[in-house]
Structure formats: structure tokens, C-alpha cells
């Protein structure tokens, strides 16, 4: 563990995939990548915390439902930022487009933006008082 309370700002700290049927993709990635799926209850359905062979969380596979309905079906990288609202505003000023958020999500705030070339990335601002470096950052 580092001396920092969270991964450094500007780093890619998490990745997930949001799709219509997360169970199908869960099965695909357990077979192809050798990951183990740990269910994460979302109330009436489960999303999945995908873990490598050592048990470390490496990704999330989520259903495109509820608060995740606007997220495109692609691998999404979450970059740590100090201020999600400011980063989202700056993205728009620089020619980007907001696809989702900014909004609260597990342990902080996030926003999904499309850059001027059409690539999509998520911005994540951690809640400073609730940082746990060992926990996955997923809904």
C-alpha cells in the first residue's frame, strides 16, 4: 500500500464493461481470461467483480440498467480526477461530450465523456473520507 489515500490523480484506476446481459459476458471472460466472477448485488440483479487467479479485483462487468443505462457497451477506463464536475466542464470546453453524469457512484463521483476523436473514458473522483485502496471502484 502506498502512503497516498487513493491511487494518484491522473492514473487509470479501474476498468469495467457495461452491457445488456452481464451474465453472458461474465461467462465469456471467465473462460477467455481465466477470471473468477464474484456477484455484486444491485438489488434485483447482480453485476460482477472480476478477479484474477490471485483473487485481486481486476475489472467489473455490469448490466446496462438503472444508473448505468447510458454507458456504452465497451471497456471503460476510469481515470482518477480531483474534481469530476470541473473535469467534465473542461472536457466540454475542449470539444468533448458528456455521455453520463457527473453523478455519485460507489465511493465517489463519476462522469463518462467522449473526447473529440470519439474515444470514451470515465472520470472518477473518490470520496476522500471513504477511501479503501483494496476495494474495487464499481457500482
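No lab work stands behind these numbers, since they all come straight from the coordinates. Keep in mind the model is a prediction, meaning the values are calculated, not measured. When we count neighbours, we look across all protein chains shown, and the Cβ atoms used for this are built from the backbone with ideal geometry, even at glycine.
Can you put 93, 125 in order, fewest other beta carbons within 10 Å first? Each step should come with its number before you reach the end.
Values: 93 8, 125 23.
The fewest-first ordering by Cβ neighbours comes to 93, 125.
Given axes a ≥ b ≥ c from the Cα gyration tensor, I'd like to know whether the chain is rounded (a/c under 1.5), prolate (a/b larger than b/c) or oblate.
Since a/c reaches 1.5 but b/c is at least a/b, the shape of the chain is classed as oblate.
Over 20 Å apart: what share of the alpha carbon pairs of the range 1-76 falls there, rounded to a whole percent?
Considering the range 1-76, 35 percent of its Cα-Cα pairs are separated by more than 20 Å.
Which of 80, 128 comes first, and how do the rest follow, when ranked by fewest Cβ neighbours within 10 Å?
Details: 80 19, 128 9.
Ascending number of Cβ neighbours within 10 Å: 128, 80.
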